[in-house]
Amino acid sequence: AQSVTQLGSHVSVSEGALVLLRCNYSSSVPPYLFWYVQYPNQGLQLLLKYTSAATLVKGINGFEAEFKKSETSFHLTKPSAHMRDAAEYFCAVSDGTGNDMRFGAGTRLTVKP
Amino acid sequence: DSGVTQTPKHLITATGQRVTLRCSPRSGDLSVYWYQQSLDQGLQFLIQYYNGEERAKGNILERFSAQQFPDLHSELNLSSLELGDSALYFCASSVGAGETGNTIYFGEGSWLTVV
């Protein structure tokens, strides 16, 4: 079964600094990978997804993620953090066989002024 | 707004009681998923329905059950509630059953507090 591991339950950056949220996956078949964001008291919103078309995936709000098969990683980055980026971020994997999507434990991003 | 509608948004009930959470998927979506989010367990997949039939099952307790109706809305029934069932329950939907990595769209959740 597929799974994801998010390294770091909390990440704190200063406004304007680089954001790097780490995600490693495990899957026996080529995976579909997703990043979702959850703002306080809201549901999860899709940031971006990888479906094997291109290894560098650009998402909303200036985020992007790079699929690295050799490292089984799908880290999320943003060049310059903004206060509004403070939220919980979830990495997720689907094996594309119709089974459930598996989510990581989440990483809470704090942005300091 | 994801297009997935969940009711009620908040619910407080006593231990031992039964509640029903309701979900209307996005227009055109055939799959409905239920997730439970709690502080200690994180986001846990419970169950998926596709076009009225159970498609995948996750960590759903026997006290919990779900169904998807012909109009594609879904209900999650939670019975013999315990304090530990207090959580945010999300419904999500997607067009397909997941074979092509369909994007899953989440509702805003139903907060359940068991006292």
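Has region B:48-70 got any residue that is touching a residue at least 12 places away in the same chain (Cβ under 8 Å), closer than 27 Å to B:Asp1 by Cβ and among the basic types (Lys, Arg)? Checked against the condition, which is being touching a residue at least 12 places away in the same chain (Cβ under 8 Å), closer than 27 Å to B:Asp1 by Cβ and among the basic types (Lys, Arg), region B:48-70 yields at least one hit.
Are any residues in region A:70-91 surrounded by 13 or more Cβ atoms within 10 Å (Cβ to Cβ) and over 13 Å from A:Leu21 (Cβ atoms), and if so, which ones? Residues satisfying the conditions are A:Thr72, A:His82. Scanning region B:33-45 for residues that are under 10 Å from the mean Cα position of the chain (by Cα) and free of Cβ contacts under 8 Å to residues at least 40 places away in the same chain returns a single hit, B:Phe45.
Specify the residue that is nearest to the other protein chains (Cβ to nearest Cβ); the eligible residues are those in region B:101-115 that are of a type in the set (S, T, N, Q) and buried (at least 21 other Cβ atoms within 10 Å of the Cβ). Result: B:Asn102.
What number of residues within region A:30-46 satisfy the criterion of being away from every other protein chain (no Cβ under 11 Å) and modelled with pLDDT under 95?
Of the residues in that region, 1 qualify.
Screening region B:14-32 for residues that are touching a residue at least 60 places away in the same chain (Cβ under 8 Å) and not in a loop (DSSP other than H, G, I, E, B) and picking the one that is surrounded by the most Cβ atoms within 10 Å (Cβ to Cβ) gives B:Val32. Against the conditions (1) among the small types (Gly, Ala, Ser); (2) over 12 Å from the mean Cα position of the chain (by Cα); (3) assigned to a strand (DSSP E or B), B:Ser65 satisfies every one except (2). Of the strands (runs of 3 or more DSSP E) contained entirely in region A:1-42, those carrying at least 2 residues that are surrounded by 14 or more Cβ atoms within 10 Å (Cβ to Cβ) and touching a Pro at 6+ places or on another chain (Cβ under 9 Å) fall at A:19-26.
Search region B:55-100 for residues being within 14 Å of another protein chain (Cβ to nearest Cβ) and among the basic types (Lys, Arg), and hand back the single one that is surrounded by the fewest Cβ atoms within 10 Å (Cβ to Cβ). Per the stated criteria, the residue is B:Lys57. The set of residues in region A:43-70 being touching an Asp or Glu at 6+ places or on another chain (Cβ under 6 Å) and within 18 Å of A:Gly104 (Cα to Cα) consists of A:Gly43 alone.
Applying the selection to region B:33-54, what residues are assigned to a strand (DSSP E or B) and either under 19 Å from B:Val114 (Cα atoms) or at pLDDT below 90 (or both)?
Result: B:Trp34, B:Tyr35, B:Gln36, B:Gln37, B:Ser38, B:Gly42, B:Leu43, B:Gln44, B:Phe45, B:Leu46.
Looking only at region B:71-104, which residues are touching a residue at least 40 places away in the same chain (Cβ under 8 Å), touching a strand residue (DSSP E or B) at 6+ places or on another chain (Cβ under 6 Å), within 21 Å of B:Gln41 (Cα to Cα) and not β-branched (Val, Ile, Thr)? If the condition is that a residue be touching a residue at least 40 places away in the same chain (Cβ under 8 Å), touching a strand residue (DSSP E or B) at 6+ places or on another chain (Cβ under 6 Å), within 21 Å of B:Gln41 (Cα to Cα) and not β-branched (Val, Ile, Thr), then B:Leu76, B:Asn77, B:Leu78, B:Leu81, B:Leu83, B:Ser86, B:Ala87, B:Leu88, B:Tyr89, B:Phe90, B:Cys91, B:Ala92 are the ones that fit.
The values are calculated or read from the model by the stated rules, or taken from the named source; none is laboratory data. Being a predicted model, the structure only gives us computed values, none of them experimental. Cβ coordinates were reconstructed from backbone atoms using ideal geometry, including for glycine residues, and neighbour counts include every protein chain displayed.
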